1. Under 19 Å between alpha carbons, and skipping anything fewer than 8 positions from B:LYS236 in its own chain: which aspartates and glutamates qualify?
2. Working with all protein chains in place, sort B:TRP162, A:TRP269, B:TRP6, B:TRP179 by solvent-accessible area computed with a 1.4 Å probe, largest first.
3. What ranking do B:95-103, A:111-119 get when scored by the average of other Cβ atoms within 10 Å per residue, highest first?
4. Taking R0 as 22 Å, what FRET efficiency do you get between A:LYS82 and A:ASP387 from their Cβ-Cβ distance, rounded to the nearest 0.05?
5. Based on the Cβ-Cβ distance from A:ALA243 to A:GLU445, what FRET efficiency comes out when R0 is 25 Å, to the nearest 0.05?
6. Run down the lysines and flag those whose C-alpha is under 16 Å from the C-alpha of B:LYS141, throwing out any fewer than 8 positions away in its chain.
7. Give, rounded to the nearest 20 debye, the magnitude of the charge dipole that chain A has about its Cα centre when Lys and Arg contribute +1 at Cβ and Asp and Glu contribute -1 at Cβ.
8. How much solvent-accessible surface does A:ILE202 expose, in Å² to the nearest 10, with a 1.4 Å probe and all protein chains in place?
Amino acid sequence: MRNKLLTLIGLLVVVSMLATACVPPPTPEVIEKVVEKEVVITATPELEEELEPITLTIWDFKSGEEVFAPYTRIIAERFMEKYPHVTVEVVPQPHDEYYNVVGAAIAAGEGPDVLLFHGGTRLTERQDVLLPLDEYIGDEADSFINLHNGWTNTETGEIIALPITIQGFVYYYNKQIYEEAGLDPEKPPITWDELVANCEQIMANTDKSCFTVGGKDGHGIRFYGSLYAASIFTPEDHARFRAIEMPYDDPKMAKQLELWYEASQRGWWQEGAASETTYMDSHDNFSAGRAAHTQGLISDVAHWKMFSDYLGANNVGMFKNVVIDPEVYDNVEDIPIAAGGGIGWSVPEWTPNPDMAVELVKELTSPDGQLLLFNSAATIIPRNDIDPDLITSPQAKQVNEWLKNAEMPIFYITPTDLNSEWQRQSSLLLLGEITPEEATQAMVEFYDAR
Amino acid sequence: MTLKPWGQKLARLTYQRREVESFWGPLFVLPAILLLVVFRFYPLLRGMGYALTDWDGMHPPEFVGLANFERLLFRDPLFHDAIVNLFKVLLTLPIWILLPLILALLIHQRVPGWRFFRAAFFFPYVLSAVIVAAIFTMVLKVDGALNSILRLVGLGALAVDWLGTLDTALPTVIGVALWDTFGVGVIIYLAALATMEQDLMDAATVDGANWFQSLWHVVIPSIRPTIEFYTVLTIKMMLAGLFAYIFMLTSGGPGTATYLPEYLIWENMGKLNRLGYATAISTLVFFVFMIVIVIQVRWQVRRV
């Protein structure tokens with residue numbers, strides 16, 4: 001009797017699992033139908049008086065930051081004044097957990113009306129649930145810089161988000177430490193060999209580390225790797241990488257791991273680098289004057305403004321990159337800056353109010369909105385219709401100049417699972433537990449097993 | 001003979017009562033069963049169903065049979081590393097069980113300051129695991145408090161990057177989780193010790209038993225059900241309660257040194273959009289835990 005009961009329960013479990021596996025959850029197609037139906041009754045500004053009140057919810061990972069919060073708050077207030085029937089709710093989400101929260105919304109097929117994304121893979125891996133914006137924004141697309149570099153659907157080419165920053169990587173150095181080490185603070189290194197020589201002098205003459213890095217969160221290798229790649233990739237290499245035609249045992253991919261390993265073996269990183277994060281341990285180390293160099297961002301955080309606030313603008317120097325392989329670039333000025341992507345707003349297809357949600361995105365990315373953000377967070381603005389005289393910071397001007405020759409950082413266009421494996425291998429390289437050859441082999445095996 | 005009609009009447013009444021109970025009994029239980037089915041079993045089984053699919057959360061799930069399990073068991077080195085790490089964690093089970101037991105015994109025997117220790121041991125459990133891990137991230141840094149103390153007392157050679165070294169990362173995570181949770185074990189054991197017959201302890205003392213003999217021959221047999229209960233709780237904690245510590249302290253690294261199945265579930269679900277695959281890992285972990293529970297319960301029942 002008992003055995004029969006157990007058999008029956010077992011059968012029920014198996015049948016239920018099979019049945020469940022075959023029952024699809026709410027699909028995007030279903031959501032689309034709902035949206036289409038709702039569009040008919042959705043408001044247009046001309047008919048505002050007769051409109052039913054609606055609420056637009058924004059999710060982002062930045063409004064919790066002091067310098068970012070005024071931007072979303074002020075734009076939301078302006079929008080509600082302009083469209084009295086609309087209530088805008090800004091819901092800041094935790095940065096570390098953001099894509100998990102977004103993933104849960106995607107799985108449920110419902111959530112906010114406007115979402116903030118990083119440009120590149122983190123946007124395009126979710127492109128199938130994002131509303132194409134082309135027909136909503138029309139010619140205004142021309143006002144954005146490099147919109148087709150990280151903000152479009154990789155299959156259809158349609159615009160799926162509008163950016164509010166351009167993000168990228170450069171090296172920052174502490175001029176005071178350079179002076180302390182007996183180096184010329186106005187002469188940053190222009191080749192890898194010069195960087196090696198500078199580091200040796202810094203480590204010999206000061207108690208500071210040559211570099212600071214975060215080995216725990218994986219951004220270390222992602223960011224430094226993007227800088228290395230910008231220096232050793234030709235435009236054709238970048239095109240191959242974008243087309244996912246550059247295997248991990250390609251000499252130029254292996255070279256990045258070799259450089260990372262070399263830096264680790266030379267003792268460039270700060271003590272305890274393996275257990276520290278890029279955000280913000282590593283950048284705090286640099287801000288506190290504990291390291292001569294760091295890789296930093298160009299916009300909104302861990303950048304020229306933040307470092308200048310801590311160290312004094314006169315003590316912070318920056319250089320775009322160093323020449324690593326003279327056969328690729330023998331002049332540092334020719335190396336493209338590793339920049340693209342950034343952060344931007346998109347509209348998920350499940351929103352019942354796509355028209356107004358897109359209007360809100362347009363407001364958030366308008367010149368006024370961008371300048372508001374620039375003034376509080378010192379961002380690099382991804383629009384070409386901003387009066388250049390409004391940008392007074394010499395560093396921001398320099399970055400804007402560099403942006404005329406930019407290549408997308410490889411980190412932004414690497415699939416997330418490969419970035420994770422890249423992270424794991426990099427931490428072992430940092431500790432000297434494996435060789436670059438072993439790390440390359442592991443990457444190849446991981447890629448093949450996907 | 002005179003009792004016979006009474007006996008028949010009683011038998012008839014008992015029969016009627018049983019009939020009534022067999023009708024109304026299930027009806028009374030039905031709401032509870034319905035709640036369990038609707039809110040527990042159905043979601044559980046439906047969730048498990050996704051383990052047989054390739055699902056990214058955006059497109060309709062595609063039925064792939066046992067492919068996820070095949071990949072997990074034979075082709076996923078990350079999962080294999082996570083399982084090896086899980087076994088390492090399980091090896092520390094005796095410490096998790098015995099440490100609170102010994103401390104509870106000391107408190108039970110009213111050692112000086114026992115009231116303070118009782119509160120102090122339990123206090124970390126009140127804190128969120130995230131807060132505890134955040135505190136220990138600072139304490140365990142290369143230039144953190146622990147290494148400073150080690151250097152101060154002349155043990156500088158032992159000062160290492162506790163969370164950033166392959167050999168120390170997992171034991172450190174386990175240590176932090178143990179520090180955070182052993183207090184609840186102390187409280188559970190104290191409750192059990194309070195119900196233990198003092199006569200037995202007195203008799204053991206009279207017979208000349210020392211502290212360890214009393215522990216082994218009197219205390220442990222007396223509170224064995226509680227120890228077994230706490231063992232199940234601890235195993236559950238090891239299988240599905242360490243995520244916050246890993247997430248905060250090491251992010252699974254260095255390499256895969258602190259990857260556990262639950263961290264892998266999170267990574268596949270949240271970071272990689274592999275909901276079907278994440279569900280397959282969850283399902284495996286669920287069945288492992290079920291097996292442990294079944295063995296535990298059967299062992300307990302047989303012993304009783």
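1. B:ASP180, B:GLU228, B:GLU262
2. B:TRP6, B:TRP179, B:TRP162, A:TRP269
3. Listed from highest to lowest mean packing, they are A:111-119, B:95-103.
4. Approximately 0.40, to the nearest 0.05.
5. The value I calculate is 0.70.
6. Partners found: A:LYS216.
7. Rounded to the nearest 20 debye, it is 1240 debye.
8. A:ILE202 has an accessible surface of roughly 0 Å² with all protein chains in place.
The values are calculated or read from the model by the stated rules, or taken from the named source; none is laboratory data. The structure displayed is predicted, hence computed values, not measured ones. Cβ coordinates were reconstructed from backbone atoms using ideal geometry, including for glycine residues, and neighbour counts include every protein chain displayed. Just so you know, the surface numbers come from the protein's heavy atoms only, side chains and all, with ligands and any DNA or RNA stripped out. Shrake-Rupley method; radii C 1.70, N 1.55, O 1.52, S 1.80 Å.
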